[in-house]
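Reviewing the structure listed below.
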Amino acid sequence: MNREEIVMVCAPDISGQVRGKSIPLADLHGRSGRGIGWVPTNVQITTFNTIANSPFGSLGDLLMVPDPNAEVRVDFGDGSPSEHFFLGNILYTDGSPWECCLRGRLAQALDALSAETGLKLRSAFELEFQFLDGSPGYGPGFSLTGLRKKKRFGEAYLAALRQAGVEPDSFLREWGDQQYEVTMHPQLGIKAADHALSIRELARATAERLNDPVTFTPIRDLNGAGNGVHIHMSLEDKTGSPATYDPSRTAGLSEVAGQFVAGILFHLPDITAMVAPSLISYARLTPHRWSAAFNNLGHRDREAAVRICPVAELPGMDVAKQFNVEFRVGDSAASPHLQLAALVFAGLDGIRKRMKPPAPTEEDLALLSPSQLEKRGIAPLPDNLSEALDRLEKSEAVRSWFGALFQDVYVKHKRRELEFLDGKTIKESCQLYERVY
Ligand code: GLU
Ligand code: MG
């Protein structure tokens, strides 16, 4: 059968999806400068395909322009059509950036970080997901049986990631039911978020080829493990030297990295609705799931909102190069670009205001009473999406970073998602989310 290759120009959006339009590959060159036409109200298409209240209505036109540095082309070698897309930036028709373009917002946050501090952010995403087939034989967590069960998938998946320019770090059987995890090598700037997006999309593309569906939904079963997105971050100075480590300071966190973390924790209640943006995200963010339930800095603690990670200190190993902190609150209902943009804006504010990080905790905070927590200045994270959205809506910080238009659009979008789920049980909501993510 004759075929003509189709390529998609697309961008991450508020609902955590990737949306765009596809064109004949043969036309790409001729239109790479202006890309494709895009509609402002598309930003209000929710995860359940309803359209939230939009300030744009039927008006307005935008351009989605492909970024030549963000092309993914994967040939699975099985005769199936290649997976071919470009991530793009959404611009007004005069070329100025559109406020609701998430990739553009991340670029803006990273530019501000480097302009004001000379620092660059290197980050790596760690994503958990689950297979949807109910067949037995997944074996115990982290087992060879579990790897064997999905090795065919894993190897096709790693080959696809490699072709897409993503450097896989691991593919492993996680602990939860049918749960696996994939991690990547750290990348500078926007590339890290682009790769995180490819990691999700290429898992779906592999699943499609092998007829073996997966879900990255935040949680499937309240009695089981959640699927987190952990973001490892480190800072580099102008010379490319690591700037996160200082052995003379508490837990080895350098002064500037401490300020960056302090900014993230200070603003966390205001940005939780961006990093954990679904109704069911808050079922994951509960104690003893190794996600995060409190607004805290933990020293090597897998239940902390921000964890100071361990490093290998064997002879000849460079500790400063490895040293990083891990943000554990996020999940895959969010766009990686928006997650990272919110973290960078918050962290940069911490540097600007020379905020001091809290003392790192090293204990089970869920065992402390509310008054003990209060005495130590540790607050729980927002309890549900509605509460998190109220915080975001009132946040002057969010308004100053993202602008009033985006803040309004975001809150309306997410409230429409909640409205759609109104009256449904948590189990029904989990089932709906798992089909989308
Ligand atoms: N499943 C946990 C989460 O929801 C993370 C487990 C781990 O890798 O430490 O974030
Ligand atoms: Mg894990």
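The values are calculated or read from the model by the stated rules, or taken from the named source; none is laboratory data. Here the structure is a predicted model, which means the values were calculated and not measured. For neighbour counting, all protein chains shown are included, and Cβ atoms are generated from backbone atoms with ideal geometry for every residue, glycine included.
Output the strands (runs of 3 or more DSSP E) that fall wholly within the range 51-150 and possess 1 or more residues being closer than 23 Å to ALA404 by Cα and out of contact with any Lys or Arg (no Cβ under 9 Å at 6 or more places or on another chain), or say none.
Those strands (runs of 3 or more DSSP E) span 62-74, 83-92.
Let me spell it out: the conditions are (1) of a type in the set (D, E, K, R); (2) assigned to a loop (DSSP other than H, G, I, E, B); (3) buried (at least 16 other Cβ atoms within 10 Å of the Cβ), and ARG354 meets all of them except one. Which number is the exception?
Single failed check for ARG354: (3).
Can you find a residue that is over 19 Å from PRO12 (Cα atoms), more than 16 Å from ligand 1 (Cβ to nearest atom) and hydrophobic (A, V, I, L, M, F, W, C) anywhere in the range 160-174?
Checked the range 160-174: at least one residue is over 19 Å from PRO12 (Cα atoms), more than 16 Å from ligand 1 (Cβ to nearest atom) and hydrophobic (A, V, I, L, M, F, W, C).
All but one of (1) assigned to a loop (DSSP other than H, G, I, E, B); (2) on the phi < 0 side of the Ramachandran plot hold for VAL344; state the number of the condition that does not hold.
(1)
When the residues of the range 268-282 are filtered to those that are closer than 21 Å to LEU373 by Cβ and of a type outside the set (Val, Ile, Thr), which remaining residue is nearest to the chain's Cα centre (by Cα)?
ALA276
For the range 379-390, which positions are buried (at least 17 other Cβ atoms within 10 Å of the Cβ), in contact with a strand residue (DSSP E or B) (Cβ under 8 Å, 6 or more places away or on another chain) and in a loop (DSSP other than H, G, I, E, B)?
Of everything in the range 379-390, just one residue is buried (at least 17 other Cβ atoms within 10 Å of the Cβ), in contact with a strand residue (DSSP E or B) (Cβ under 8 Å, 6 or more places away or on another chain) and in a loop (DSSP other than H, G, I, E, B), namely LEU381.
Can we say ILE280 is crowded, with 20+ Cβ neighbours inside 10 Å, of a type in the set (A, V, I, L, M, F, W, C) and in contact with a Cys (Cβ under 8 Å, 6 or more places away or on another chain)?
yes
Take GLU99 and decide whether it is among the acidic types (Asp, Glu) and either buried (at least 21 other Cβ atoms within 10 Å of the Cβ) or touching a Gly at 6+ places or on another chain (Cβ under 6 Å) (or both).
Answer is yes for this residue.
For the range 175-206, enumerate the residues that are within 15 Å of ligand 1 (Cβ to nearest atom), more than 16 Å from the chain's Cα centre (by Cα) and of a type in the set (Ser, Thr, Tyr).
TYR180
Report every pair of residues separated by at least 6 positions or lying on different chains whose Cβ atoms are under 6 Å apart, first residue within the range 127-155 and farther than 17 Å from THR206 by Cα, second more than 15 Å from ligand 1 (Cβ to nearest atom) and not in a loop (DSSP other than H, G, I, E, B).
GLY137/LYS149; TYR138/LYS149; GLY139/THR145
Looking at GLU393, GLU374, GLU362, which is the one that is among the acidic types (Asp, Glu) and surrounded by 15 or more Cβ atoms within 10 Å (Cβ to Cβ)?
Checking each option against the conditions leaves just GLU393.
Scan the range 110-146 for residues that are within 16 Å of ligand 1 (Cβ to nearest atom), surrounded by 15 or more Cβ atoms within 10 Å (Cβ to Cβ) and within 25 Å of the chain's Cα centre (by Cα) and jot them down.
Result: ALA124, PHE125, GLU126, LEU127, GLU128, PHE129, GLN130, PHE131.
Picking from GLU313, GLU255, which residue would you name as being free of Cβ contacts under 8 Å to residues at least 60 places away in the same chain, surrounded by fewer than 18 Cβ atoms within 10 Å (Cβ to Cβ) and in contact with a helix residue (DSSP H, G or I) (Cβ under 7 Å, 6 or more places away or on another chain)?
Exactly one of GLU313, GLU255 is free of Cβ contacts under 8 Å to residues at least 60 places away in the same chain, surrounded by fewer than 18 Cβ atoms within 10 Å (Cβ to Cβ) and in contact with a helix residue (DSSP H, G or I) (Cβ under 7 Å, 6 or more places away or on another chain), namely GLU313.
With respect to the numbered conditions (1) more than 26 Å from GLY240 (Cβ to Cβ); (2) assigned to a loop (DSSP other than H, G, I, E, B); (3) touching a helix residue (DSSP H, G or I) at 6+ places or on another chain (Cβ under 6 Å), which one is the sole condition not fulfilled by LEU338?
Only one criterion in (1) more than 26 Å from GLY240 (Cβ to Cβ); (2) assigned to a loop (DSSP other than H, G, I, E, B); (3) touching a helix residue (DSSP H, G or I) at 6+ places or on another chain (Cβ under 6 Å) is unmet by LEU338, namely (2).
Please work out if ARG249 is within 16 Å of ligand 1 (Cβ to nearest atom) and not hydroxyl-bearing (Ser, Thr, Tyr).
Criteria not met by ARG249.
What number of residues within the range 207-236 are away from ligand 1 (no atom under 16 Å from the Cβ) and more than 20 Å from the chain's Cα centre (by Cα)?
8
Looking at ALA205, is it away from ligand 2 (no atom under 15 Å from the Cβ), assigned to a helix (DSSP H, G or I) and at pLDDT 95 or above?
Considered against the rule, which asks whether it is away from ligand 2 (no atom under 15 Å from the Cβ), assigned to a helix (DSSP H, G or I) and at pLDDT 95 or above, ALA205 comes out as yes.
Which of the residues that make up the range 174-196 are surrounded by fewer than 24 Cβ atoms within 10 Å (Cβ to Cβ), outside any loop (DSSP other than H, G, I, E, B) and within 16 Å of ligand 2 (Cβ to nearest atom)?
Of everything in the range 174-196, those that are surrounded by fewer than 24 Cβ atoms within 10 Å (Cβ to Cβ), outside any loop (DSSP other than H, G, I, E, B) and within 16 Å of ligand 2 (Cβ to nearest atom) turn out to be GLN179, GLU181, THR183, MET184.
So which pairs qualify, if the first residue must be in the range 190-211 and farther than 16 Å from LEU110 by Cα, the second must be assigned to a helix (DSSP H, G or I) and among the charged types (D, E, K, R), the Cβ gap must be under 9 Å, and the two must be at least 6 apart or on different chains?
Within 9 Å, the pairs are LEU210/ARG152.
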